[in-house]
Amino acid sequence: MALLPALISLGGCTAATTSLNSNQSAVAQESGVPVNTAVNTPALASVLTNYVDDRGLVDYASLQADRQSLDAYNASLELTTPETYNSWSEPEQIAFLITASEPRIHAALVCAALSCAYLRQEPFTGENLDAQLDDQAKIFISRPEAFEIDRENNEVRLSAIFDWFGQDWVPAFGGAEGFAGSDNEKAVLNFISGYLNEEDSAFLKAGGY
């Protein structure tokens, strides 16, 4: 099985500090977000809608010239206390952090490289998280940099992301009959097969590549 090279850099997320400077408070108050109660998701939505294209690329020059919404969103993160975070549901927490053992997360994490997952044009939210992650997975798998079947050479090519984090797919997708490769690769291919047409899915399950 051939693995296509890819690069990804994952930054850890932590609950925001409760120590605020006057500038952060002022930005957050200007945005209309009550202190320590809410993340300014509408501000982030404005940034993603206006400055991210359908390939996940950011218009940094325009964003730099009009960064009020971005500053307001960042300020609201600083105002989010651990107590507020702990009061949220798990989907809300995952949407806030986008870091978890859920394997579809790897189709949502963005490293600003062309081979990585696309940046969505909307924020992740607890209410829509499952559908958003499913959509991210479909988009990522549809890209040849992430997954490709080469029947002529009897090869299946996977992004190196699936190699580096392959163990994340084993708990939910490991142990299935068929497929080729290591246990991690079989689990990844089992996961991918759920997003393919019947012919391609059958090719993966048959193994032998």
For the stretch 185-209, how many residues are without any contact (Cβ under 8 Å) to a residue 40 or more places away in the chain and farther than 16 Å from residue 104 by Cβ? 9
Pick from the stretch 176-202 the residues that are more than 17 Å from residue 141 (Cβ to Cβ) and under 25 Å from the mean Cα position of the chain (by Cα): which of them is surrounded by the fewest Cβ atoms within 10 Å (Cβ to Cβ)? 182
Of (1) modelled with pLDDT of 95 or more; (2) basic (Lys, Arg); (3) within 19 Å of the chain's Cα centre (by Cα), residue 205 satisfies all except one. Which? (3)
Residue check, residue 59 against (1) in contact (Cβ under 8 Å) with a residue 24 or more places away in the chain; (2) over 19 Å from the mean Cα position of the chain (by Cα), all met but one. Which one? (1)
Among helices (runs of 4 or more DSSP H) lying entirely in the stretch 119-193, which contain 2 or more residues that are more than 28 Å from residue 54 (Cβ to Cβ), of a type outside the set (A, V, I, L, M, F, W, C) and at pLDDT 95 or above? 183-193
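For residue 164, are the conditions met, namely being aromatic (Phe, Trp, Tyr) and surrounded by fewer than 20 Cβ atoms within 10 Å (Cβ to Cβ)? Lay out the reasoning, then the answer.
Details: aromatic (Phe, Trp, Tyr): yes; surrounded by fewer than 20 Cβ atoms within 10 Å (Cβ to Cβ): yes.
Answer is yes for this residue.
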Extreme residue, nearest to the chain's Cα centre (by Cα), among residues of the stretch 62-106 that are of a type in the set (Gly, Ala, Ser), modelled with pLDDT of 85 or more and exposed (fewer than 15 other Cβ atoms within 10 Å of the Cβ): 89
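The values are calculated or read from the model by the stated rules, or taken from the named source; none is laboratory data. Predicted model, so just to flag it, every value in this text is computed and none were measured. Here the Cβ is made from the backbone with ideal geometry for all residues, glycine too, and neighbour counts use every protein chain on show.
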